[in-house]
Amino acid sequence: MSETPQARVAAALERIPYARFLGLRAELKGDELTLVMPFSDHLVGNPLLPALHGGVVGALMEVTALTQLAIASKSERFPKTIDIGIDYLRSGKPIDTFARARVVKIGRRVANVQAEAWQGEKNQPIATLHGHFMTPEGEESAAS
Amino acid sequence: MSEETPAPSVPYAASDDPLERVRAMIRFTPQAKAIGLEVTRIEPARVWGRVPYRPDLIGDPESGVIAGGVITTFLDTICGTAAVAAMEHPTTVATIDLRIDYMRAAEPGRDVLAEAHCYKLGRSIAFVRAVAYEDTSDNPIAHVACAFMINSSEGRKMYANMRKKKS
């Protein structure tokens, strides 16, 4: 209980094998989370350019959205994804990628979250995501 | 204008066998290889594939369910190959957007299968949908609908993303 939120988020990510597979790292300032995906050769989707695979850019934004929502809803567990929409704006260069998410609304059962991924400049996003996620309360009512 | 080497023709255009062609395309994609993606069957505009269950791809350590991101990469890749499989002359494609609906969690310990169908191949855009499942497509894990830009590497030089100048 004496753990800082930063440590809790980092520890929660550390426990997810797929987050380690992507090499994700969390940076938390106040309640604002930035996830970093350092470049690695296995993340490439097009070796000619080379460009990151769209799937891992989407995955980075989805994990960011899930983590930011867990922080916002003060939950220890990650929510379940209902649906996500991803727009690809620029090809991902072979450099580090960052993502941040904004919880638009937490309803009784469903939460709405938006996320963005960028590389060099934050005002030039390479992709955006919007998604709906089941709140912990929504999951309980779905289970009963 | 420049002396730089243009991107070579796509290596997966080399074979006459369509299945071998898309398999070469997958081998050519590091992230597809990294998640163990295999293409199992191909018909014009349709592709079937599999991602074997693997502990390092788990998204929820409590349940052992595979991460959503793996499904995103799988479906994005297999939809792209379905777009290529719809073409008479294969070329590069780039995802414009995709939307994934999750009907349920994938079953822990089981391979995920998927089938993709390019239901419209235009001159510049391909529209593709796909479902992921363990046994049959009528019990889906997830559904995706996506749009691809066709011939996305046209006019782009090899290693274009390595340059300092903004693209």
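Before moving on, here are some points about what is shown:
- Ranking of B:134, A:116 by neighbouring Cβ atoms within 10 Å, starting from the fewest: B:134, A:116.
- Here A:132, B:89, A:53 are placed in order of increasing Cβ neighbour count within 10 Å, fewest first, which gives B:89, A:132, A:53.
- In order through the range B:65-77: 3J(HN,Hα) via Karplus (6.51 cos²θ - 1.76 cosθ + 1.60), integer Hz, x for Gly, Pro: 6, 5, 5, x, x, 5, 5, 4, 4, 4, 5, 4, 5
- From phi via Karplus (6.51, -1.76, 1.60), per-residue ³J(HN,Hα) for the range A:76-88 in Hz, x at Gly/Pro: 7, 9, 7, x, 9, 7, 8, 7, 9, x, 10, 10, 9
- Computed Rg/Rh of chain B, alpha carbon atoms with Kirkwood Rh: 1.00
- Average beta carbon contacts from partner chains per residue of A:79-89, 10 Å cutoff: 6
- Spatial extent of the protein assembly as shown: Rg and Dmax, with the Cα atoms as the point set, Å: 19.1, 67
- Average beta carbon contacts from partner chains per residue of B:57-64, 10 Å cutoff: 5
- Shielding of peptide B:143-154 by partners, expressed as the average count of other chain Cβ atoms within 10 Å per residue Cβ, is 2.
- Phi to ³J(HN,Hα) by Karplus 6.51 cos²θ - 1.76 cosθ + 1.60 over the range A:127-138, Hz, x for Gly, Pro: 6, 10, 9, 10, x, 10, 9, 6, 6, x, 5, x
- Principal-axis tilt of helix A:5-14 within chain A, Cα atoms, nearest 10 degrees: 70
- Chain B: angle of helix B:18-27 to the longest principal axis, Cα-based, in degrees nearest 10: 90
- Listed peptides B:146-152, B:106-112 by packing density, highest first (mean Cβ within 10 Å): B:146-152, B:106-112
- Between the amide H of residue A:40 and any residue lying 5 or more places away or on another chain, no distance stays under 5 Å, with hydrogens modeled in the peptide plane.
- Our compactness index for chain A, the C-alpha radius of gyration over the empirical 2.2 N^0.38 Å, is 1.04.
- Degrees, to the nearest 10: A:54-72 long Cα axis against longest axis of chain A: 30
- Projected onto its three principal axes, the C-alpha set of the range B:85-140 covers 39, 20, 18 Å, listed from the longest axis down.
- Residues B:15, B:153, ranked from the fewest to the most other C-beta atoms within 10 Å, line up as B:15, B:153.
- The amide H of residue B:97, built 1.01 Å from its N in the peptide plane, has A:88, B:147 as neighbours under 5 Å, considering only residues 5 or more places off or on other chains.
- Scanning residues 5 or more positions from residue B:125 or on other chains, those with amide H under 5 Å from its amide H are B:150, with H placed 1.01 Å from N in the peptide plane.
Only the coordinates and a few stated rules stand behind these numbers; no lab work does. Source: prediction; values computed, not measured. Virtual Cβ from ideal backbone geometry, glycine too; neighbours counted across all protein chains shown.
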